[in-house]
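S.K.: Dumping the structure here so I can ask a few things about it.
The values are calculated or read from the model by the stated rules, or taken from the named source; none is laboratory data. Fair warning: this is a prediction, and the values are worked out from it, not measured in the lab. Neighbour counts are summed over all protein chains in view; Cβ atoms, including those assigned to glycine, are modelled from backbone coordinates with ideal geometry.
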Amino acid sequence: MMFERSPAKIWRNRDVLYRLKYSYCRDCKRSFYPPRGRCIYCGSSNIEHRYSSGRGVVKEFTVVYQTPVGFTDMSPMVIGLIEMEEGFRLLAQIVDVKPEEISNGMKVEAVLRRMIVDGETGLIYYGIKFAPLIEKS
Amino acid sequence: MTKIKAGVTGWGSYIPPYRIKASDIASLWGFDPYTPKAIWIEEKAVAALDEDTITIGWRASKYALQRAGVKPEEIGAVFVGTESKPYSVKPSATVIADALGISPKKLASDLEFACRAASEAIRISISLVNTEMAKYTLVVGADTAQASPGDVLEFTASSGGVALVIGGLDNAAAVIEDSYTYVTDTPDFWRRSLAPYPEHGEAFTGEPAYFNHIINAVKGLFEEGGYKPNDFDYAVFHQPNGKFPLQVGAKLGFPKEKILPGLVTPYIGNTYNGSALMGFAKILEEAKPGSRILLAPFGSGAGSDAYAIVVTDHVLEKRDKAPKVVDMINRKIYIDYARYAKMREKILRYRR
Ligand SMILES: [Zn+2]
């Protein structure tokens, strides 16, 4: 989720928040998110930054009723551990599906949604959540 | 005939899965139960609490880029046609562009002309592409339409969006052959700044606005381009409800068989700037190459544009690269009026 209410931080990180920019380690060939200058697995700095396709699967999920301030309207909130096509994992909110209809292994895609709305007059912060892939009818 | 050398390189649409039945709205407010049938609306799509014009426009745009096969860096302009901007001041187009990786070297703005702004963006795009000021442009028509609770507008005002990548003739899924525009000052529908819901001038909504402007735009296209109704395989009009498009089509000489394939409002409501374009997107997903489509968006205030658009062979390889309108029409999560009121923020309360 990693969503702090700091306009400057969110603005600086908009590629990471909007577009799932991640790191790929050329040495150990692994990917991780959020991106860093050094590999979180082998410590190498032989890193390149890439953008995710946005497609992944749900590995684990939980339903949160005690939602934090700013997210109370979204209750109950489904938080999932998503494994992306590119191999990295992240925690994110899953939307547009009833908790009882989610299963581990369900295919999801990254979607841009409102994360936090700052009162009546402040900024609207956008970021990535996950929704079930739209299937052919 | 005008010398347009532009086409639709890619298209994408997005309809939220939430649906409220028109019969629920009728029963809550004590309408005659026949009312939804009289205007032909069955149910409408409702945006989730964390959705708005920007998020809907982004999703439609993502699918449009997938179908276009165009890199985000090649987009030279982003226009968002909407009458439900999340911010009164701060463009929606810049958020959508950055979130898609479109380069800073671009035009970006939001256009407002009720339901017709995205159509004006198509005409601006044609000139940008023809003058080579942009290789491709991204046109978004998206809305989370507002209606005062209990107003007859509430049956149809819905949420959804369509995005088109406009480019040259190479690789176009459909070629824009010709277009015509017809715009006047007509007070059929408006919303003052800071007013939460629109007003509509009953005497103006039908004949002087919708019918007069669409008919004049289409007749102008026919006269300048030398077309007649038989030259078109499909006709898509702005669709504020299910009935008006069939009526305006009949007046122009189109049988309902040519209109029904692009008529989506009865099932998802009027998505405003997405309205006619949603029908157009659906036809691109079904029509044979070589088919000619009449597209006539309309916006209150009032104006209409008419386009003659011919589907090419490229449409076939692009169709399956993103979800189709029909898939999204059929994907439904039903909600009752209480949940709809929460999702559209119609409940007075302290916000935490
Ligand atoms: Zn490594």
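S.K.: With the structure loaded, tell me whether residue B:320 is at pLDDT 95 or above and within 14 Å of chain A (Cβ to nearest Cβ) or whether it fails that test. So that I can check it myself, show each step before the final result.
M.R.: Values: at pLDDT 95 or above: yes; within 14 Å of chain A (Cβ to nearest Cβ): yes.
Yes.
S.K.: Considering only residues that are of a type in the set (Gly, Ala, Ser) and closer than 26 Å to residue B:160 by Cβ, which ones fall in region B:215-249? Reasoning before the result, please.
M.R.: Of all residues in region B:215-249, those of a type in the set (Gly, Ala, Ser) come to B:217, B:220, B:225-226, B:235, B:242, B:249.
Across region B:215-249, the qualifying residues are B:217, B:235, B:242, B:249.
S.K.: Would you please name the residue that is surrounded by the most Cβ atoms within 10 Å (Cβ to Cβ), looking only at residues in region B:335-346 that are within 10 Å of another protein chain (Cβ to nearest Cβ) and on the phi < 0 side of the Ramachandran plot?
M.R.: Going through region B:335-346, the residues within 10 Å of another protein chain (Cβ to nearest Cβ) turn out to be B:342-343, B:345.
Narrowing further to those that are on the phi < 0 side of the Ramachandran plot: B:342-343.
Working: B:342: 14, B:343: 22.
Restricting to residues being within 10 Å of another protein chain (Cβ to nearest Cβ) and on the phi < 0 side of the Ramachandran plot, the top hit is B:343.
S.K.: Looking at region B:202-287, what helices (runs of 4 or more DSSP H) fall wholly within it and have at least 2 residues that are at pLDDT 95 or above and small (Gly, Ala, Ser)? Full working, then the answer.
M.R.: Values: elements: B:212-225, B:243-252, B:256-259, B:265-268, B:275-284.
It comes to B:212-225, B:243-252, B:275-284.
S.K.: Out of all the residues in region A:16-48, which are more than 9 Å from the ligand (Cβ to nearest atom), without any contact (Cβ under 8 Å) to a residue 24 or more places away in the chain and surrounded by 13 or more Cβ atoms within 10 Å (Cβ to Cβ)?
M.R.: Within region A:16-48, A:16, A:35, A:36 meet the criteria.
S.K.: Out of curiosity, is residue A:109 over 30 Å from residue B:346 (Cβ atoms), of a type in the set (Asp, Glu), assigned by TED's automatic domain parsing to the domain that holds residue A:130 and away from the ligand (no atom under 16 Å from the Cβ)?
M.R.: Numbers: over 30 Å from residue B:346 (Cβ atoms): no; of a type in the set (Asp, Glu): yes; assigned by TED's automatic domain parsing to the domain that holds residue A:130: yes; away from the ligand (no atom under 16 Å from the Cβ): yes.
Spelling it out, it is not the case that residue A:109 is over 30 Å from residue B:346 (Cβ atoms), of a type in the set (Asp, Glu), assigned by TED's automatic domain parsing to the domain that holds residue A:130 and away from the ligand (no atom under 16 Å from the Cβ).
S.K.: Among the residues of region B:126-179, how many are free of Cβ contacts under 8 Å to residues at least 24 places away in the same chain and either among the hydroxyl-bearing types (Ser, Thr, Tyr) or surrounded by 24 or more Cβ atoms within 10 Å (Cβ to Cβ) (or both)? Full working, then the answer.
M.R.: Residues of region B:126-179 that are free of Cβ contacts under 8 Å to residues at least 24 places away in the same chain, as a first pass: B:127, B:131-132, B:170.
Add one more test, that the residue is either among the hydroxyl-bearing types (Ser, Thr, Tyr) or surrounded by 24 or more Cβ atoms within 10 Å (Cβ to Cβ) (or both), and what stays is B:127, B:131.
So the answer is 2.
S.K.: Being of a type outside the set (Lys, Arg) and in the same structural domain as residue B:26 (by TED's automatic domain parsing) narrows it down to one of B:296, B:306, B:302, B:322, so name that one.
M.R.: On the way: B:296 fails: in the same structural domain as residue B:26 (by TED's automatic domain parsing); B:306 fails: in the same structural domain as residue B:26 (by TED's automatic domain parsing); B:302 fails: in the same structural domain as residue B:26 (by TED's automatic domain parsing).
Exactly one of B:296, B:306, B:302, B:322 is of a type outside the set (Lys, Arg) and in the same structural domain as residue B:26 (by TED's automatic domain parsing), namely B:322.
S.K.: Related question: What about residue B:154, is it within 29 Å of residue B:24 (Cβ to Cβ) and not in a loop (DSSP other than H, G, I, E, B)?
M.R.: Details: within 29 Å of residue B:24 (Cβ to Cβ): yes; not in a loop (DSSP other than H, G, I, E, B): yes.
When the stated conditions are applied, residue B:154 passes them.
S.K.: Identify all residues within region B:227-271 that are in contact (Cβ under 8 Å) with a residue 24 or more places away in the chain and small (Gly, Ala, Ser); write none if there are none.
M.R.: B:235, B:242, B:253, B:262, B:269
Yes/no matrix, rows are residues, columns are (1) modelled with pLDDT of 95 or more; (2) buried (at least 18 other Cβ atoms within 10 Å of the Cβ); (3) over 13 Å from the mean Cα position of the chain (by Cα):
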{"position": "B:70", "(1), (2), (3)": "yes, yes, yes"}
{"position": "B:83", "(1), (2), (3)": "yes, yes, no"}
{"position": "B:89", "(1), (2), (3)": "yes, no, yes"}
{"position": "B:93", "(1), (2), (3)": "yes, yes, yes"}
{"position": "B:98", "(1), (2), (3)": "yes, yes, yes"}
{"position": "B:103", "(1), (2), (3)": "yes, no, yes"}
{"position": "B:108", "(1), (2), (3)": "yes, yes, yes"}
{"position": "B:113", "(1), (2), (3)": "yes, yes, no"}
{"position": "B:124", "(1), (2), (3)": "yes, yes, yes"}
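S.K.: Which pairs do you get when a residue that is more than 14 Å from every other protein chain (Cβ to nearest Cβ), found in region A:49-68, comes within reach of a residue that is charged (D, E, K, R), reach meaning Cβ atoms under 7 angstrom, with the pair 6+ apart or on two chains?
M.R.: A:56/A:83; A:56/A:85; A:57/A:83; A:57/A:107; A:59/A:83; A:59/A:89
S.K.: Within the group B:305, B:320, which residue is of a type in the set (Asp, Glu), in contact (Cβ under 8 Å) with a residue 40 or more places away in the chain and not in a loop (DSSP other than H, G, I, E, B)? Can you show your working first?
M.R.: Details: B:320 fails: in contact (Cβ under 8 Å) with a residue 40 or more places away in the chain.
Testing whether each residue is of a type in the set (Asp, Glu), in contact (Cβ under 8 Å) with a residue 40 or more places away in the chain and not in a loop (DSSP other than H, G, I, E, B) leaves just B:305.
S.K.: Further, regarding this structure: Just checking, does region A:7-15 include any residue being touching a strand residue (DSSP E or B) at 6+ places or on another chain (Cβ under 6 Å) and more than 16 Å from the ligand (Cβ to nearest atom)?
M.R.: Within region A:7-15, the subset touching a strand residue (DSSP E or B) at 6+ places or on another chain (Cβ under 6 Å) is A:10, A:15.
Now restrict to residues that are more than 16 Å from the ligand (Cβ to nearest atom): A:10, A:15.
Yes, there is a match, as at least one residue in region A:7-15 is touching a strand residue (DSSP E or B) at 6+ places or on another chain (Cβ under 6 Å) and more than 16 Å from the ligand (Cβ to nearest atom).
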